[in-house]
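Trainee: My questions will all concern the structure given below.
Read-outs throughout are calculated quantities, based only on the coordinates presented, and are distinct from any laboratory measurement. The model shown is predicted, which means the values in this text are computed figures rather than measured ones. Please note: Cβ atoms are built from the backbone with ideal geometry, for glycine as well, and neighbour counts cover all protein chains shown.
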Amino acid sequence: MIAQPEEIKPETSWDVVIIGAGPSGSIAALELARAGKKVLVIDKESFPRFRIGESMLPHTNRVMERLGLMDRVRELPHVVKLGLEISFGDGRRDPAAIPFDRMLGDTIKETFNVRRSLFDQMLADAAMEAGATYRFGESVVSIDHLARGDVRLQLESGPIQANWLIDASGQACVLGRHFGTRKLLEGYQNVSYFEHFEGVDRPSGDRQGFATLAMCREGWFWMIPIDEKTTSVGVVLDDKLARLIPVPANQRLDWCIENCPLVKHRLRDAVGPKKNQVAGDFSYTCEPYAGDGWFLVGDAAAFIDPVWSTGVSLGIDGGMQSAQRIIEVDAGRMSASAASKAYGKRVKRLRSSFLSLISNFYDHSFRELLVSGQSRLEIDAAVVNMLAGEIFEGVPFRVRWRWEIMRWLKEANRHRKVVEWIRPHSLLQSGGIMLPGSQSGVFRGIKRRHRGQPSWQPS
C-alpha cells in the first residue's frame, strides 16, 4: 500500500493574533514581528480591496518615518497634501485656504493622499517581510476564551490559540459586538455616499494637492485628489435628511452633486460611475478599549465623523501603541493592567479631542469664522494646528490659548456679527424638497442669533 502524504495543517499557536489587515492591524503586525513575536493576521476579505479614507494627517508621516516606510509611500502613486480648502456649497465665495505651512511650531507641515488599496497592500507586505503571517479570506466564527496568555478563537479553518488578541477589524467591531459595548453617539447618525472620479477640476497654484470641503445645510462634501487622475468624491449627510432624497441610496451622490453648485462645477467634466457606495452608522464607541489580553485599535475601538481625515491616522497610532504595550509587558517593563490603562487613556484622550473638533465643524457660527479670512494674534495658525491633527502628543500652550479665543469668538458670533453671517446652501431645497417643520432644524449647529432672530430662514 502506497503511503499518502500527511495533510499540512495550519499552525494553531501564536504570540499575537490580529483581526483585520488594514493599516492599524498591519502596523501592529509590523512592530510585533520586528520585535520577534509570532504574529498571525486574519482578514475575511482579500487584497487588493477598495477602501475609503485616502486622506492622511501629518502624524501619519511621522509614523511612516519612524517605521522606515516613508520611501515606500513615496513610491506609490499619491498626491502630496499641503493643506485643504473649505467653502459653502453655493459656490458664491472663493474657498478659504487652510495651508499646513501656517502651523505654529516646528512640526510636520505636509502629508499625503493615496489610494487605500495600494497603501494597505504596502503595509501588509512590509509586515509579512518582517515575519508576520497573513491569512486572507479567514473569518472568526467564535471567541471561546479571552485572557492574557490564553486567547482561544474558532476560525473557519479551525481553532487557534494566542497570548494576545488585537482587534483591528474596522467597523465590523468583532470584539465590540462580542462584548456588546458598541454604542452609537447621539447626534452623529450620519451616512456617506462616495466614489472615485477622473477629470475633477482641482485646486491649483499654491493650493495644488489641497483637499476641498464644501459645506451645506444638510452635511458636507469632500473632494480629495489621490493620484494624478483620480479624485475621491463623497458627501456626508444627516441620516434622517438623507432619507428624504427621492432616489435609491446608491444614486444619492449624483443627486447631491447636481444640487450643490460648487461641487457640480468642479465635476462638470468628470467621468465616474452613476451609482455610488454607501457607509452608515457614523460615530460610535466600543469602550473600554483594552482589557485582559486584548486591545481594540482604529475603527474597531471607535469611529468619528471623517471630516478632518482622522480615521487612518488614529488607526495607525493605535496599532503602534498596542504593539508597544504588548512588547513592554512581555519584556517585564510594564504590568498588563498598567498597559491596558495607559493605552485606553490615550485612545480616549485622542477620540475626545477630535470629537471636539468635529463638533465645532458642525457649528454654523464656527464655519462662518473658518471661511471669513479674518484673523489676529495668529489665531488662524493655531486653528490650522488643530485641524491638521497635531494633537497626538498634546496641544502646546501657544496653540491652546489661541484655540480658546477662537471658541470664544464662535460663541460671540452667534449673538453679534463678528464676521459675515452666511445662510447655508440647502441640497434638499435646491432639489425641490421642502423640509417638514419638525426636521427644519435637524442639522446640528443651526442657532438663533441675537434679538431672537435667526441668521437665515428656510426658503
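Trainee: Once fully extended, how much extra length lies between residue 278 and residue 76, figured as 0.36 nm per residue of separation less the alpha-carbon to alpha-carbon distance?
Mentor: That pair, residue 278 and residue 76, stretches by 70.1 nm at full extension.
Trainee: Another question, then. How far apart, in nanometres, would the label points at residue 142 and residue 378 be if each is projected 7 angstrom from Cα along the Cα-to-Cβ direction?
Mentor: Rounded to a tenth, the inter-label distance reads 6.0 nm.
Trainee: Quick check: Cα centre of segment 127-189 to Cα centre of segment 377-432, how many Å?
Mentor: 38 Å
Trainee: Let me ask something additional. Which listed residue (388, 354, 365) has the Cα farthest towards the positive end of the charge dipole for segment 307-428, taking +1 on Lys and Arg C-beta and -1 on Asp and Glu C-beta about the Cα centre?
Mentor: The one lying farthest along the dipole's positive direction is 365.
Trainee: Quick one: which of 92-101, 191-200 comes out on top by average Cβ neighbours within 10 Å, and what's the full order, highest first?
Mentor: Per-residue mean Cβ counts within 10 Å order the peptides as 191-200, 92-101.
Trainee: Can you put 167, 269 in order of Cβ neighbours within 10 angstrom, beginning with the fewest?
Mentor: So the ranking, lowest neighbour count to highest, is 269, 167.
Trainee: Just grab the label-to-label distance for residue 401 and residue 419, each label 7 Å out from Cα along the Cβ direction, in nm (one decimal).
Mentor: 2.3 nm
Trainee: Ignoring everything except DSSP H segments at least 4 long, calculate the 222 nm mean residue ellipticity for the chain; use -39,500 (n - 2.57) per segment, divide by total residues, nearest 500.
Mentor: That calculation yields -10000 deg cm²/dmol at 222 nm.
Trainee: Could you state the principal axis extents of the C-alpha atoms in the chain, from the largest down, to the nearest angstrom?
Mentor: 89, 51, 44
Trainee: In degrees between 0 and 90, to the nearest 10, how far off the longest principal axis of the chain does helix 116-129 point, with axes built from Cα atoms?
Mentor: Here the helix axis deviates by roughly 30 degrees.
Trainee: Oh, and also: Using only the alpha-carbon atoms of segment 289-443 as identical scatterers, what base-10 log of I(q)/I(0) does the Debye formula give at q = 0.09, 0.11 Å⁻¹?
Mentor: -0.43, -0.60
Trainee: With r defined as the distance between the Cβ atoms of residue 125 and residue 345 and R0 fixed at 35 Å, what FRET efficiency is calculated, to the nearest 0.05?
Mentor: Working from the Cβ atoms, E equals 0.60.
Trainee: Which FRET efficiency, nearest 0.05, do residue 434 and residue 156 yield, Cβ-Cβ r, R0 51 Å?
Mentor: Efficiency, from the Cβ-Cβ distance: 0.50.
Trainee: Could you work out the local net charge near residue 152, counting Lys and Arg as +1, Asp and Glu as -1, over the other residues with Cβ closer than 14 Å to its Cβ?
Mentor: Taking every Cβ under 14 Å from that of residue 152, the sum is -2.
Trainee: Fewest first, what order do 243, 351, 416, 400 take by the number of other Cβ atoms within 10 Å?
Mentor: Exposure proxy ranking, most exposed first: 416, 243, 400, 351.
Trainee: Now a separate question. List, in order, the whole-Hz ³J(HN,Hα) value for each residue of segment 157-169 obtained from phi through the Karplus relation with A = 6.51, B = -1.76, C = 1.60 and θ = phi - 60°; use x for Gly and Pro.
Mentor: 8, x, x, 9, 10, 8, 8, 9, 10, 10, 9, 10, 7
Trainee: Tally Lys/Arg at +1 and Asp/Glu at -1 over every other residue whose Cβ is under 12 Å from the Cβ of residue 243; what's the total?
Mentor: Net charge in that neighbourhood comes out at -1.
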